[in-house]
Amino acid sequence: MAGADLFARFGRTFDPGAVLFREDEPGDTMFVIQQGQVRITKTGREGPKTLAVLGAGEFFGEMAILNSKPRTATAEAITPLRVLEIDAKMFSQMIVSNTEIAVRLITKLARRLDSANELIEVLMHRDPKARVILGLSRQAEMVGEQQEDGSVLVPIQRAELAAEIGLTEEETDEVVKRLSRLKIVAATEHGYVVSDVGRLAEFLEFLEMREKFGDA
């Protein structure tokens, strides 16, 4: 009942494709996802880059409250979306009155920093195969859904994956096809199914060894 009361006070719903806020806009609220997924993008020299795909339990938009600066990225609903929209006053009250929320915030901000560093590492690789593998591994860790057979569903579409790792959709598809032939990754209408995340990491190590010894 408490959850229903909370949504009645702060809840909002969005259709797929709806933009919750845009980069460089002023902002004084943050959002907590109750259901659905949100894509966070930032504009670069080559167009929008996907920074993250967030799911239920995640929050975003808090930096506009913390530093009183314009939005640093754009947030768009990928699926039907239910969120709580919290303003600066309520956010401050939550932090002051609830130590657990404060700790969760610090923990998530630290994870965001790690995630940003990981994305930089992905984009530094010139090899498209390495970019796809690192991109899929990163998304599997962030939003991967464990399946009954032990595989992991990565709920990201080809356009989103390609944008995140700085490749064209065609380049991304070529690598995925190779991984599919090796029975490591399969493309589905719901995203990518990684049969074994460990094998994905091992294949990347194999590629890096070949590059290191000039046998790529």
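The values are calculated or read from the model by the stated rules, or taken from the named source; none is laboratory data. Note that the coordinates shown come from a computational prediction; the quantities given were computed from them, not determined experimentally. Ideal geometry is used to build each Cβ from the backbone, glycine not excepted, and the neighbour counts take in all protein chains shown.
Odds and ends about this structure:
- When the residues of segment 1-56 are filtered to those that are loosely packed, with under 11 Cβ neighbours inside 10 Å and in contact with a Pro (Cβ under 9 Å, 6 or more places away or on another chain), the one that is modelled with the highest pLDDT is 15.
- Long-range neighbours under 9 Å by Cβ, at least six apart or interchain, first residue over 10 Å from residue 195 (Cβ atoms) within segment 146-157, second modelled with pLDDT under 85 and of a type in the set (Ser, Thr, Tyr): 156/50
- Selection status of residue 189, within 25 Å of residue 42 (Cβ to Cβ) and acidic (Asp, Glu): no
- Flag if residue 62 is over 30 Å from residue 169 (Cβ atoms), among the acidic types (Asp, Glu), modelled with pLDDT under 90 and not assigned by TED's automatic domain parsing to the domain that holds residue 140: yes
- Residues (surrounded by 14 or more Cβ atoms within 10 Å (Cβ to Cβ) and either touching a residue at least 12 places away in the same chain (Cβ under 8 Å) or part of a loop (DSSP other than H, G, I, E, B) (or both)) located in segment 57-73: 58, 59, 60, 61, 62, 64, 65, 70, 71, 72, 73
- In summary, helices (runs of 4 or more DSSP H) completely within segment 76-168 and bearing 1 or more residues that are over 20 Å from residue 27 (Cβ atoms) and at pLDDT 85 or above occur at 128-143, 158-165.
- Some residue of segment 201-211 being at pLDDT 90 or above and either in contact with a helix residue (DSSP H, G or I) (Cβ under 8 Å, 6 or more places away or on another chain) or among the aliphatic types (A, V, I, L, M) (or both): no
- Residue in segment 11-33 that is of a type in the set (Val, Ile, Thr), under 19 Å from residue 166 (Cα atoms) and outside any loop (DSSP other than H, G, I, E, B) present: no
- Against the numbered list (1) more than 23 Å from residue 52 (Cβ to Cβ); (2) exposed (fewer than 15 other Cβ atoms within 10 Å of the Cβ), residue 201 comes up short only at (1).
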